[in-house]
Structure formats: structure tokens, C-alpha cells
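Visitor: What follows is a structure written as C-alpha cells; I'll ask about it next.
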Amino acid sequence: MDTAITGAAAVQPGRLVGTMKAAVFAGPGRIELREVPIPTPGPGDALLRVTTTTLCGTDVHILKGEYPVAPGRVIGHEPVGVIAALGAGVTGYRVGQRVIAGAITPCGQCNACLDGLQAQCGGKAMGGWRLGNTIDGCQAEYVLVPDAMANLAPIPDNLTDEQVLMCPDIMSTGFSGAERGGVKIGDTVAIFAQGPIGLCATAGAKLMGASTIIAVDQVPERLAMASRLGADHLVDFSKTDPVEEILRLTDGRGVDVAIEALGTQVTFEACLRVLRAGGTVSSLGVYAGDLTIPHDAFAAGLGDHTIVSTLCPGGSERMRRLMAVVESGRVDLGAMVTHRFKLDDIEAAYELFGHQRDGVFKVAITP
Ligand SMILES: [Zn+2]
Ligand SMILES: [Zn+2]
């Protein structure tokens, strides 16, 4: 029997009976560690024993009541774990296998998924985001992953949990900022904000072949990390106007791709203002209200500009590719894990991460 199971646990075929610890959204301002039933995998599902997970800025929005989830929901959408049980019909995986699943868990079979839009599964905006949103998430001892065969990706033996902890969300989202922006070899790219996602966008632009990468932030540790991950120029917006500075650095030409990784009018607008004619704004931020497109920066609609937005790409093949990037050594995001907590102390982890204290980038949570 698995010693991690708490309460009166017993194992039945394909099923663990008992309770587990889980971080539950109890209402705005409250995330509580509670004992809840271990979920039972239905057809197509897998039950993972979570070995490592993390907190996301989105979880902090949930905590603050800025993004609505149902009270009682177990939150968290970045699972690294071991398969504990498989539902009926799941083939190609075995109990005991180390796996990750993406933050986005597409069904893999609907029209949107078959069109390559897994994040918009079901044809609804954000339809692929289920874990810790519309179904229970992974800040818990166990998590149920739906549509397991579309979502589980085995972890290469030589990689640790922490090495792949950024793959489910941060790395997938940040890289997609560069990919969806269509960064080409020799491009000049500006990235507004160097939080975990912006930093991964910086690393992604480098991997895509950008020759000049300009990273914008004001936090010294973030700018230093941006430099480590491939930024050529660091712009501290608290000391200099970033639009003027980027235009100066590009001899007035502007950038080919501007990546927005914060979710504010100011940074969105700045992306347009530093863009060359025909350039692309690749938007990753989550906006809290309406956006306005300035007439002049958008060349009255005649500048051949492209604006794209992306939600974290998910699915097993995406996860396999991201872990292959880690395994190849082409990017090392290990240094982004700055703090470690036990699941028992998750409320303290939220306190630290939510207030961005002590130079935190990402925390590792181990049940
Ligand atoms: Zn997230
Ligand atoms: Zn689907």
C-alpha cells in the first residue's frame, strides 16, 4: 500500500480508497489544506500520485477572487507525478511510470483538438484548461488526469522532477509566445516583463533564432535571469522609457516581434509602439479589462501588423517536445525554482509567492 495515502486507505483494482491532503479554494482570500477523497479514475482517466508541483500567477488570481473557480475546488495545474491507477481503456501506460501532464488537458478528439487548437478544446475559449479550474487540480497528493492518452508524457529517466516542473505551463506558455510570434533567424525581439513566463519567452526567442533580444522589467533579479536565458539588452523601465530605449537600440527601425507577458494596457500598447511595420505582437498576458489600440501606433490599421494571442499549448506531444528541449541541454530553467515547500506548508508558499517576497521566481511543492 502506498504510504502517502492518509486516512483509511485501501487499494482496489484501478482504485485507491481513502483521503488525501489537497489545497482547496475556500473563497476569495482563502486557500486551505483539507482532507478530501482520493478521486477514482473513470474510463480514459489516470490517477497520478503527485511528486512535485508548483504555484502559478493564475493560482494567485484565483486566491484573490480575480478569476472565478467554484469554492471547494482543488487548485493547481502543473503536475509531475507517478501513475497510481489507470481507468478502463487506457493503454500504452503503466502504473508506476513517471509522467507529467500539461496545464491544459485537451480531449484530443474534438474538432478544435483535431485542428491543432488543443488549448481551445471543445471550441470554447480556454476550453482545454480543466485542472484546478473546472475539475480538481494537482496541489494535492493525488490528481485525476482526464483523457490520459492525450495528455500523459513519460519523463525521461535522467531528468529530475524539478527539471521538468516548468514544462506543464510556464515553459509551454513562454515558448509559445516566441513560436506564435513567428520569430525567425535573425529577428529582433522585445519581451515586456520578465516574470516566469516572460523569462521563458526570452529563452524561446533565443531557441527560435532571434539575433537580438531585448528584455524589459524593473526587478534586478529578473533582468539578471533574462540575461542568463539569452537577453542581449536589459531595459529597466523604472529608469528609462522602454519605448524610446528600444527604438534607440534598433536605430529607429523597431522590433520584428514584441511579446507581451504581463497583461496590461501599458505593456500591450508599448509592444505596438516598438513594432516595425509588418511586425507581430504576440500576447501572453491575462488582461483584467478592455484593451485600446492606439491609432498612431497601429498606423490607422494600415501597417500590416499582426496581433496573436496564445493560451498554454498542452497535450502529451507538446510535453514530450518540451522535455526533449530540457534533455538536450539547450535551455536550463532549473534556476527558476528558488524556493521549496512541503504540501503541508502550502499556505506559507502562497504567502511568499503571492507577495513576490525574497526574490522568488517559482516554488517547488512536494507532497
Ligand atoms: Zn499557470
Ligand atoms: Zn478537444
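Visitor: Just how far, in whole angstrom, is region 160-200 from region 284-315 if you go by their alpha carbon centroids?
Guide: Here the two parts' Cα centres lie 17 Å apart.
Visitor: Right, next: Distances longer than 16 Å among the Cα atoms of region 84-169: what percent of all pairs is that?
Guide: 56
Visitor: While we're here: So how long is each side of the chain along the principal axes, counting just the alpha-carbon atoms, biggest first, in Å?
Guide: Taking the Cα atoms of the chain, the three principal extents are 68, 42, 39 Å.
Visitor: Looking at region 236-350, what % of the alpha carbon pairs are farther apart than 16 Å?
Guide: That tail contains 72 percent of the Cα-Cα pairs.
Visitor: Turning to a different aspect of this structure: I need 290, 358, 236 ordered by Cβ neighbour count within 10 Å, fewest first.
Guide: 290, 358, 236
Visitor: Right, something else. Relative to the present Cα-Cα distance, how much length would full extension add between residue 97 and residue 277 at 0.36 nm per residue of separation?
Guide: So the extension gain works out to 59.8 nm.
Visitor: For residue 264 and residue 306, compute 0.36 nm times the residue count separating them, minus their Cα-Cα distance, and round to one decimal in nm.
Guide: 13.3 nm
Visitor: Region 10-119: which trypsin sites (Lys or Arg not before Pro) are DSSP loop and have at most 11 other beta-carbon atoms within 10 angstrom?
Guide: Here the trypsin sites (Lys or Arg not before Pro) that fit, given the DSSP loop and packing criteria, are 64, 94.
Visitor: Let me ask something else about it. Select from region 125-210 those trypsin sites (Lys or Arg not before Pro) which occupy a DSSP coil region and have at most 15 other Cβ atoms within 10 Å, ordered by residue number.
Guide: Hits after loop and neighbour filter: 184.
Visitor: Moving on to the next point. In nm, what is the difference between 0.36 nm times the number of residues separating residue 160 and residue 345 and their Cα-Cα distance?
Guide: Result: 64.4 nm gained on full extension.
Visitor: Calculated FRET efficiency, residue 328 and residue 286, Cβ-Cβ r, R0 35 Å, to nearest 0.05?
Guide: Calculated transfer efficiency: 0.70.
Visitor: Follow-up question, since we're still on this one. Taking R0 as 45 Å, what's the FRET efficiency between residue 184 and residue 34 from their Cβ-Cβ distance, rounded to 0.05?
Guide: 0.35
Visitor: May I pose another question? Along Cα→Cβ, 7 Å out, is where each label goes; now give me the distance between the ones at residue 227 and residue 251 in nm to one decimal.
Guide: Distance between the two pseudo-spin positions: 2.6 nm.
Visitor: Output the Kirkwood hydrodynamic radius of region 51-129, Cα pairs only, in Å rounded to one decimal.
Guide: 14.6
Visitor: Here's a follow-up. For a quick check: sort 280, 19 by the number of other beta carbons within 10 angstrom, fewest at the front.
Guide: 19, 280
FYI, it's all coordinate maths here, none of it is from the lab. Being a predicted model, the structure only gives us computed values, none of them experimental. All Cβ positions, even for glycine, are placed from backbone atoms using ideal geometry, and neighbour counts span all protein chains on display.
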